[in-house]
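One structure is given here, and the rest of the page talks about it.
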Amino acid sequence: MDSNSVGIVAPQVAVFKTPLTLASGATLGGYELVYETYGKLNGDTSNAILVCHALSGHHHAAGYHSAEDRKPGWWDACIGPGKPLDTEKFFIVSLNNLGGCHGSTGPTSPREGTSHPWGPDFPQPSVEDWGDAQARLADRLGIDCWAAVVGGSLGGMQAMTWSVRYPDRVRHCIVIAAAMKLSAQNIAFNEVARRAIYSDPAYADGHYISSGEAPNKGLALARMVGHITYLSDDAMASKFGRELQETLELGSEHIIGDDSPEFQVESYLRYQGAQFARGFDANSYLLMTRALDHYDFAASYEDDPVAAFRQAKAEFLVIAFSTDWRFSPARSREIVEALLAAERPVSYAEVEAKEGHDAFLLPIPRYMDLLHAYLKRVGP
């Protein structure tokens, strides 16, 4: 554990008994949100930053849950003493959204008034619903206004939504590798991933918890499809190329077409898929991808993003990555152009990085420097 780590952290649970009506019209009579905090909230609560997670993210963004943990939180590179989200200066809040599967109320939780899990009947949340639930958590923590709301990918969409849904509660909005709505190609990838889950016989129409057999094959395949889109061609080429497995050689007696992976990239994808399936819930994955598909930042403003951003009072930082083809720099530039037309203060950076969409999770030096420099302006 390095000296810049936040160290051992423990999740906390916020229980809400006031009903929450979702955009779909469904109402949750009560719910729980699991979250973690890093750093110390100052006396006037002016140093709080909200970190919004992406599609498969969760509340554990930094530090370790025990001394035996081998892997820190998913954004540990950014959060800690002396890091861009400096815990000696800021109080960081990271939570697991409604519908998730890491402790917050979702498909694996008991349905209200029963001992049975919600399963496929859990109501579909929207990005706006997540913002409303996050606002209630902020109230619980005594935070009237966030110094910044930060997010990458689907998290960036949540940050943008905060800026117009709660304009008086956000001073800075940091949007990383995101878009105002998904392209048809992105929706298509998500649909293929969902079909992989639905086609697994173990899915059992979503009631697999009671059967005791989860649709892990379908979920693993869904993750494999998604993972391909998160990496760039350059990243795959430099990491794997066309290298065969170490146990194989060209001209060997290995039978092409059997179920054993021949190339290193095949083995890598299978490993990633299997690991993901062990720790994620299929129904949650379906909910998250649908929320992503249906997100449309300007839909409530007659499809005019300029009119939408005119509601915002925050300053903005928008970051894109050169090889990100899932959320390309062109999508980030659309956000910037709408902000400029709305006369909102905005800084924009396009980072040269070979890692594709996943770059927003990685400690790429220029990216870290950009975040660090901007967040110096975000004083308590």
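Read-outs: derived from the displayed coordinates by stated rules, not from any lab. Computed from a prediction, not measured in an experiment: that's the story for all the values here. Neighbour counts run over all protein chains shown; Cβ positions are idealised from the backbone, glycine included.
Taking GLN134, GLN158, GLN264 as the candidate residues, the one with maximal mean-square fluctuation in a Gaussian network model of the chain, Cα springs under 10 Å, is GLN264.
Where in the stretch 127-144 is the amide nitrogen less than 12 Å from a point lying 7 Å along the Cα-to-Cβ axis of THR27? Backbone N within reach: none found. Which of the three applies to the stretch 172-245, rounded, prolate or oblate, going by the alpha-carbon gyration tensor with a ≥ b ≥ c and a/c under 1.5 meaning rounded? Oblate shape, in that a/c is at least 1.5 and b/c is the bigger or equal ratio.
Rounded, prolate or oblate for the stretch 137-215? Axes are the square roots of the Cα gyration tensor eigenvalues, ordered a ≥ b ≥ c, and the cut-off for rounded is a/c under 1.5. Since a/c reaches 1.5 but b/c is at least a/b, the shape of the stretch 137-215 is classed as oblate. Between the alpha-carbon centres of the stretch 264-330 and the stretch 143-164 there is a gap of 13 Å. The trypsin sites (Lys or Arg not before Pro) of the stretch 70-169 that DSSP puts in a loop, and whose beta carbon has at most 15 other beta carbons within 10 Å, are ARG70, ARG111. Taking the chain as a Gaussian network of alpha-carbon nodes connected by springs under 10 Å, the highest mean-square fluctuation of the residues ASP205, ASP168, ASP76 belongs to ASP205. Gain on full extension, evaluated as 0.36 nm per residue between ARG270 and ARG70 minus their Cα-Cα distance, stands at 69.9 nm. Of the GluC sites (Glu not before Pro) found in the stretch 308-366, those that fall in a DSSP loop while having at most 13 other beta-carbon atoms within 10 Å are GLU343, GLU352. Of interest is the spacing of the C-alpha centroids, which for the stretch 170-223 and the stretch 13-50 amounts to 24 Å. Can you tell me how the stretch 1-57 classifies by the Cα gyration tensor, rounded, prolate or oblate, using a/c under 1.5 as the rounded cut? Prolate.
Restricting attention to the chain, lysine pairs at least eight places apart or on different chains and with alpha-carbon atoms under 14 angstrom apart total 4. Neighbours of SER347 by Cβ distance under 10 Å: Lys/Arg scored +1, Asp/Glu scored -1, total 0. The Cα center of the stretch 64-116 and the Cα center of the stretch 340-356 differ in position by 27 Å. Taking amide H as placed 1.01 Å from N in the peptide plane, GLU315 has its amide H under 5 Å from the amide H of HIS172, CYS173, each at least 5 places away in sequence or on another chain.
Counted over the chain, the DSSP beta bridges are approximately 35% antiparallel. Of CYS101, CYS78, the sequence from fewest to most neighbouring Cβ atoms within 10 angstrom is CYS101, CYS78. When you filter the GluC sites (Glu not before Pro) in the stretch 18-99 for DSSP loop state and at most 11 other Cβ atoms inside 10 Å of their Cβ, you are left with GLU68, GLU88.
In terms of other Cβ atoms within 10 Å, SER153, SER56 run from fewest to most in the order SER56, SER153. Note on the chain: with a GNM built from Cα contacts shorter than 10 Å, the maximum mean-square fluctuation among GLY82, GLY43, GLY273 falls on GLY43. Per-residue ellipticity at 222 nm for the chain, helices alone: DSSP H runs ≥ 4 residues times -39500 (n - 2.57), over residue total, nearest 500 deg cm²/dmol? -10000 deg cm²/dmol, from helical runs alone. Modelled this way, with points 7 Å down the Cα-to-C-beta line, the labels at ILE228 and HIS294 are 2.8 nm from one another.
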